[in-house]
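All remarks here apply to the structure that follows.
The values are calculated or read from the model by the stated rules, or taken from the named source; none is laboratory data. Quick caveat, the model's predicted, so the values are computed rather than measured. Please note: Cβ atoms are built from the backbone with ideal geometry, for glycine as well, and neighbour counts cover all protein chains shown.
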Amino acid sequence: MKPIERGNRGKRSINKPYLDVILVAGGLAGILSQQLLAAPFPRLPLYCLLPLFAWAYWHGRGKLRGALLSSLLTFLPGLLLGLLWASYAADRVVSEKLDSSMNRQRCSIQGSIDQIDRQTVALTRFELRVDKLSCNGVAVTQVKRVRLSWYRPDELLQPGEVWRLPVRLKRPHGFANPGLFDYTAWLAQRHIGATGYV
């Protein structure tokens, strides 16, 4: 006869489906912790820790039976992956913006009209997908989209048209009052790296 239940009476174990929940909770904690930082977290130290935490995750899932240790070894890789992902996303948003040294400089831009937000006789406000951009003879490659205002335009603009325009650009900024519309975050979500006028 074989025993029905064997050994492990003194150790607490945790069910494997809960480890997935703990991993996701760690990832969310990593993403939220990046939101509290003023600048993107440096990723190189995190890349160095990634193999260690990956080993700890797989080791914790299969061999360790202690609930607290198993949970911790599952939470930490999730935290690391969440922090890496959020740091990458934050770094991408920062790198797509116009350099502050080029604020309010005369620039030449060529691109296709992506979207027209407002079009009247007095004002046309539109988003331009940038093909070429140079400010004071220096090529600018990090800016992919701009939001422009054109006061008293000569022609009616249409989405998809390609234009070469003289513009003045500045880095995106705006007010971020609690509970109200955050203009800077809205521009970042749309991957707009500069605003300006023709």
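Observations
- Strands (runs of 3 or more DSSP E) enclosed by the range 104-198 - at least 3 residues per element that are more than 23 Å from Arg92 (Cα to Cα): 106-119, 123-135, 145-151, 162-170
- Qualifying residue in the range 102-112 (condition: surrounded by 11 or more Cβ atoms within 10 Å (Cβ to Cβ), within 20 Å of Trp186 (Cα to Cα), in contact with a Phe, Trp or Tyr (Cβ under 9 Å, 6 or more places away or on another chain) and assigned by TED's automatic domain parsing to the domain that holds Trp186): no
- Residues that are under 14 Å from the mean Cα position of the chain (by Cα) and aliphatic (A, V, I, L, M), drawn from the range 19-35: Ile31, Leu32
- Test for Ser112: is it closer than 15 Å to Gly196 by Cα and of a type in the set (Gly, Ala, Ser): no
- Count - residues of the range 163-191 that are β-branched (Val, Ile, Thr) and modelled with pLDDT of 80 or more: 1
- Only one of Val146, Val130, Val198 that is touching an Asp or Glu at 6+ places or on another chain (Cβ under 8 Å), over 30 Å from Gly30 (Cβ atoms) and among the β-branched types (Val, Ile, Thr): Val146
A quick yes/no check of all residues on (1) touching a strand residue (DSSP E or B) at 6+ places or on another chain (Cβ under 6 Å); (2) charged (D, E, K, R):
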{"residue": "Ala122", "(1), (2)": "no, no"}
{"residue": "Phe126", "(1), (2)": "yes, no"}
{"residue": "Val130", "(1), (2)": "yes, no"}
{"residue": "Arg152", "(1), (2)": "no, yes"}
{"residue": "Val162", "(1), (2)": "yes, no"}
{"residue": "Pro172", "(1), (2)": "yes, no"}
